[in-house]
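Chemist: Pasting a structure here, questions to come.
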Amino acid sequence: MADVLAAARRLEGIARRTPLERCDGLSGEAEVFLKLEGMQRTGSFKLRGAYNRVATLAPEVRARGLVTASAGNHGQGVALSARLLGARALVFVPAGAPETKRRRIARFGAELVLVEGGYDEAHAAAEAHAAETGAAFAHAYSDPMTVAGQATVALEILRDLPEVQTLVVPVGGGGLVNGTGIVARALAPEARVVGVQTHQTAAMHASLAAGSLCCPPQGATLCEGLSGETDARSLELARRVVDEVVLVREDAVRRAMRWLFVEEGVVAEGSAAVGVAALREGAIGDVAGPAAVILSGSNVDAARLADVLGSD
């Protein structure tokens, strides 16, 4: 928790304190609030962890250059952090990553490397480059400084809504949900921390169920930010601070994205909409209120959003 508080101080003037707003359309017996991280700089919570990781590197380490792998949002965070701190950044992304995310990574000043395959292939290529060149690798989800930065999302929620009983969090590699769990255990130990993935992005869910790392087959998904494997460090932390991870279907995510736009005026990428999908589909079961759902980002290609909005 000391690392989280230090990250919050470090992020002052860098990351925005995003709104936590009551959602009438989801509130019933339990009040539901939405944490709007799509309004963050770079359009995603990922800036928090990326900046905290890069800022805590020694200047001589940053001077060797930064390298990372990303499905898109973490890459934007590293790119902007590098620019703010005067470092060079190289970002490996899957060739199929959304154009919006790739364009913004380049706009923030990083060099972009497209890798055939998914996130895991991009991660392997980035690690190999770091080992070969001596560049500092900025891990997307399990580095302690990355997790501490992501945890400031939950710290803001607990400061705005200290009575929160349920925290609903998208899960990819686990940085955001683990950071949320750390804060909840310290400040709201009775609160339930629920992670959400889809059946196509279920590595953390499967690993927790098995008690060891595993990665089930992954197919086409609206939630590219949740795809790929987790790792041993992230899994071990999740076992200690996360109550459960539930799964939703891809079509439920599509409906949640459309519902958020039409009913709440909120643009959410698929990876961000999974928590709302879980509530609307009843995947979490009885939800104690008040509940806070983290909408983790808003970086969705225009064509994909138009397709979602045009569907039933």
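Chemist: Which is of a type in the set (Asp, Glu), in the same structural domain as Gly174 (by TED's automatic domain parsing) and over 20 Å from the mean Cα position of the chain (by Cα), of Glu244, Glu264, Glu250? Break it down stepwise before answering.
Modeler: Numbers: Glu244 fails: over 20 Å from the mean Cα position of the chain (by Cα); Glu250 fails: over 20 Å from the mean Cα position of the chain (by Cα).
Among Glu244, Glu264, Glu250, only Glu264 is of a type in the set (Asp, Glu), in the same structural domain as Gly174 (by TED's automatic domain parsing) and over 20 Å from the mean Cα position of the chain (by Cα).
Chemist: For region 210-241: of the residues being under 23 Å from Val276 (Cα atoms) and aliphatic (A, V, I, L, M), which is farthest from the chain's Cα centre (by Cα)?
Modeler: Checking each candidate, the answer is Ala220.
Chemist: Can you tell me which of Ala272, Ala268 is out of contact with any Asp or Glu (no Cβ under 6 Å at 6 or more places or on another chain) and assigned to a loop (DSSP other than H, G, I, E, B)?
Modeler: On inspection, the qualifying residue turns out to be Ala268.
Chemist: Inspect all residues belonging to region 184-200 and state whether any of them is surrounded by 24 or more Cβ atoms within 10 Å (Cβ to Cβ), assigned to a helix (DSSP H, G or I) and not hydrophobic (A, V, I, L, M, F, W, C).
Modeler: Within region 184-200, none of the residues are surrounded by 24 or more Cβ atoms within 10 Å (Cβ to Cβ), assigned to a helix (DSSP H, G or I) and not hydrophobic (A, V, I, L, M, F, W, C).
Chemist: Got at least one residue in region 22-40 being among the acidic types (Asp, Glu), out of contact with any Gly (no Cβ under 9 Å at 6 or more places or on another chain) and surrounded by fewer than 16 Cβ atoms within 10 Å (Cβ to Cβ)?
Modeler: The answer is yes, given that some residue of region 22-40 is among the acidic types (Asp, Glu), out of contact with any Gly (no Cβ under 9 Å at 6 or more places or on another chain) and surrounded by fewer than 16 Cβ atoms within 10 Å (Cβ to Cβ).
Chemist: Could you list, in sequence order, all residues of region 128-142 that are within 16 Å of Val91 (Cβ to Cβ) and under 20 Å from the mean Cα position of the chain (by Cα)?
Modeler: Phe137, Ala138, His139, Ala140, Tyr141
Chemist: Here is a further query. Can you go through Glu236, Glu163, Glu156 and tell me which one is assigned to a helix (DSSP H, G or I), out of contact with any helix residue (DSSP H, G or I) (no Cβ under 9 Å at 6 or more places or on another chain) and surrounded by fewer than 23 Cβ atoms within 10 Å (Cβ to Cβ)?
Modeler: Unique residue meeting the criteria: Glu236.
Chemist: If you don't mind, another one. Check Glu229 against each of (1) buried (at least 19 other Cβ atoms within 10 Å of the Cβ); (2) within 30 Å of Glu29 (Cα to Cα); (3) in contact with a helix residue (DSSP H, G or I) (Cβ under 7 Å, 6 or more places away or on another chain) and name the one condition it does not meet.
Modeler: (2)
Chemist: Oh, and also: Which of the numbered conditions does Gly28 fail, given that it passes all the others? Conditions: (1) of a type in the set (Gly, Ala, Ser); (2) free of Cβ contacts under 8 Å to residues at least 40 places away in the same chain; (3) not assigned by TED's automatic domain parsing to the domain that holds Phe261.
Modeler: All conditions are met except number (3).
Chemist: Any residue at all in region 96-110 that's among the small types (Gly, Ala, Ser), touching a residue at least 12 places away in the same chain (Cβ under 8 Å) and assigned to a strand (DSSP E or B)?
Modeler: Checked region 96-110: no residue is among the small types (Gly, Ala, Ser), touching a residue at least 12 places away in the same chain (Cβ under 8 Å) and assigned to a strand (DSSP E or B).
Chemist: Is there any pair with a first residue in region 183-194 that is under 15 Å from Asp3 (Cβ atoms) and a second that is polar (S, T, N, Q) whose Cβ atoms are under 9 Å apart and which are 6 or more apart or on different chains, and what are they?
Modeler: Short answer, once both residue conditions are applied: Val183/Thr152.
Chemist: Check region 123-134 and report whether any residue there is small (Gly, Ala, Ser), under 28 Å from Met1 (Cβ atoms) and crowded, with 20+ Cβ neighbours inside 10 Å.
Modeler: no
The values are calculated or read from the model by the stated rules, or taken from the named source; none is laboratory data. Everything numeric in this text was worked out from a predicted model, so none of it was measured. When we count neighbours, we look across all protein chains shown, and the Cβ atoms used for this are built from the backbone with ideal geometry, even at glycine.
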